[in-house]
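What follows is one structure encoded as structure tokens, with my remarks underneath.
Throughout, read-outs are computed from the coordinates displayed, never taken from laboratory work. Since we're looking at a predicted model, the values are computed, not measured. Because the Cβ atoms are built from the backbone with ideal geometry, glycine has one as well, and the counts that use them run over all protein chains shown.
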Amino acid sequence: MRLARSLGSVGGLTLVSRLLALVRDTLQATYVGAGFASDAFLVAFRLPNMFRAFFAEGAFSAAFIPMFNRKAAEGDTRTAVDFAERALAVLFPFLLVFTAVMLIAAWPITWLLAGGFHRQHPTPEQFAFAVLLSRITIPYLMLISLASLLGSILNSLERFWVNAAAPILLNIAMVGGLFFFHGPDAYATARVQAISVTIGGILQLLWLIHACRRAGVSMRLRRPVWDDDVKQLMKLILPAATGAGASQINLVISTALAGALLSAGSISALYYADRLNQLPLGMIGIGLGTVLLPTVSRLLTRGQEAEAMETQNRGIELALFLTLPATAAFIFAAHPIVRGVFQHGAFTAADTTRVAWALSAFSVGLPSYVLVKVLTPGFYARADTRTPVRYAILSVGVNIVGNLILIPTIGTMGPPLATALSSTVNVAMLYRTLGQRGHFTADARLRRRIPRLLLAALMMGAVLYLSAPYVEEHLIRSLPIRITALLLFCGGGAIVYAIACFATGAFRREDIKLLVRRR
């Protein structure tokens with residue numbers, strides 16, 4: 001129950017952030033469309049997104065939180081904060097230098113992230129515009145890295161909601177920029193979006209500084225000292241960066257190959273599909289990963305191995321309960337969902353079809369994306385950041401091979417399908433290794449519920465597929481009608497899934513009674 005409550009607060013705030021991101025993407029589809037200006041901004045935005053996944057949602061937390069918890073267990077909160085200050089003293093000057101280097105190297109970085117925009121044949125002025133957008137967004141890298149340190153402290157103190165609320169500020173800045181300051185054309189609006197990214201990063205950092213002070217944690221900037229604790233932290237961060245960001249690395253590779261091998265607008269199609277895919281991933285996967293790491297780390301520090309395994313079993317159960325219906329909806333009803341959310345303004349019916357196919361392909365791997373977030377805390381809490389990175393590198397190799405095989409055969413569906421395949425390989429290796437080490441065993445309750453949850457999700461998907469033709473015509477009308485139709489469509493699917501869960505025995509009446517009694 002405590003895990004569900006923590007996920008409720010973190011996942012709820014993450015869902016608010018993702019819904020704001022969906023509003024942002026809807027406005028972007030309206031004012032920028034899916035042409036070169038959109039592709040240029042999305043390439044510039046890819047690097048900040050990747051760093052957020054590496055640090056705020058992955059590497060830094062994976063390395064820092066177990067060490068912070070051990071320091072707190074050995075002494076008190078002040079001892080742990082002293083360690084955090086020493087980490088900040090080394091991190092801050094490094095980030096300054098790193099940001100300067102990235103600004104200087106913006107041209108080759110943009111070229112690599114976009115695969116040179118090979119098939120789009122940009123003019124020199126267009127490519128210079130893409131580089132300019134990258135330079136505007138690069139300072140966000142330093143801001144989000146500093147914010148991740150403060151957010152990790154708050155997560156260790158079980159103030160999960162504060163850190164989960166920070167991304168909302170980024171999306172508020174971007175939505176505000178689009179709504180109030182969009183320019184006369186797509187290029188001017190894309191520039192506004194890039195500026196909004198950095199402004200959002202500043203707001204996030206200020207919010208977390210304020211929250212830490214409210215929690216009694218005031219960070220001082222010291223002279224850097226390369227002591228044993230800092231060495232250990234850096235030793236853990238480097239492999240964790242690759243392991244935690246495997247899905248982002250795969251997405252970057254897919255984006256670059258799409259830019260090189262597919263026509264204009266392909267990068268945007270992949271982006272819009274990924275944004276919808278990120279709704280359940282953000283709420284469930286990132287939320288569970290955020291809660292599980294400090295929880296499992298704390299249990300292991302106390303020697304409570306059985307409780308840690310129980311927590312991970314319930315984490316997987318909760319992840320699949322919430323993820324499988326989203327997967328079924330995106331596979332069986334991708335077209336009406338994309339049409340209702342994005343098809344207006346500069347976003348055409350042809351764009352809807354391309355994005356819908358990409359979304360269906362992405363969603364095949366949605367359970368795997370979430371389970372990676374649930375399983376990796378089992379390694380990180382034991383200070384093992386190397387095993388996940390080995391598997392992440394293997395999954396990146398699978399993704400590259402998959403892209404090269406699938407893009408020439410199925411076009412825009414190739415990159416997301418290759419990404420889904422690579423994530424599935426990754427989660428299979430993580431699960432097998434935890435089992436071999438005796439760190440995880442699926443209990444009887446989990447084994448009983450998984451096939452029943454899958455059957456319930458398929459039943460819901462079938463109902464959505466059969467009812468889609470009746471709502472399609474309402475999804476291109478006025479905004480209120482479109483929103484109402486989408487809510488009824490998706491809400492009806494949720495009701496069908498709930499009924500199917502009880503019909504298949506995935507959940508029983510006793511579970512509801514237990515839930516109410518514990519509350």
Sparse-neighbourhood loop hits (trypsin sites (Lys or Arg not before Pro), the range 166-233; DSSP loop; Cβ within 10 Å at most 10 others) -> R220
For the range 154-162, Karplus-derived ³J(HN,Hα) couplings (6.51, -1.76, 1.60; θ = phi - 60°; whole Hz; x for glycine and proline) come out as 5, 5, 5, 8, 6, 9, 4, 5, 5
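For A100 and T484, what is the calculated FRET efficiency with R₀ set at 51 Å and r taken between the beta-carbons, to the nearest 0.05? If you can, show how the numbers build up before the last one.
Details: r = 50 Å, r/R0 = 0.98.
The pair A100/T484 has a calculated efficiency of 0.50.
I need V341, V291 ordered by Cβ neighbour count within 10 Å, fewest first. Could the numbers behind the result be given before it?
On the way: V341 23, V291 27.
Ranking V341, V291 by Cβ neighbours within 10 Å, fewest first, gives V341, V291.
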Summed over the other residues with a beta carbon less than 13 angstrom from that of R220, with K and R at +1 and D and E at -1, the charge totals +3
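Got a sec? How would T424, T441 order by Cβ neighbour count within 10 Å, fewest to most? Walk me through the numbers before you get to the answer.
Numbers: T424 19, T441 12.
The fewest-first ordering by Cβ neighbours comes to T441, T424.
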The summed charge of the H344 Cβ neighbourhood (under 13 Å; Lys/Arg +1, Asp/Glu -1) stands at +1
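What does the charge count around L430 come to, taking other residues whose C-beta lies under 12 Å from its C-beta (Lys +1, Arg +1, Asp -1, Glu -1)?
On the way: positive: K373, R390, R432, R437; negative: D384.
Once positives and negatives cancel, what remains is +3.
Got a sec? How would L279, L133 order by Cβ neighbour count within 10 Å, fewest to most?
Working: L279 17, L133 25.
If I rank by nearby Cβ atoms, fewest first, I get L279, L133.
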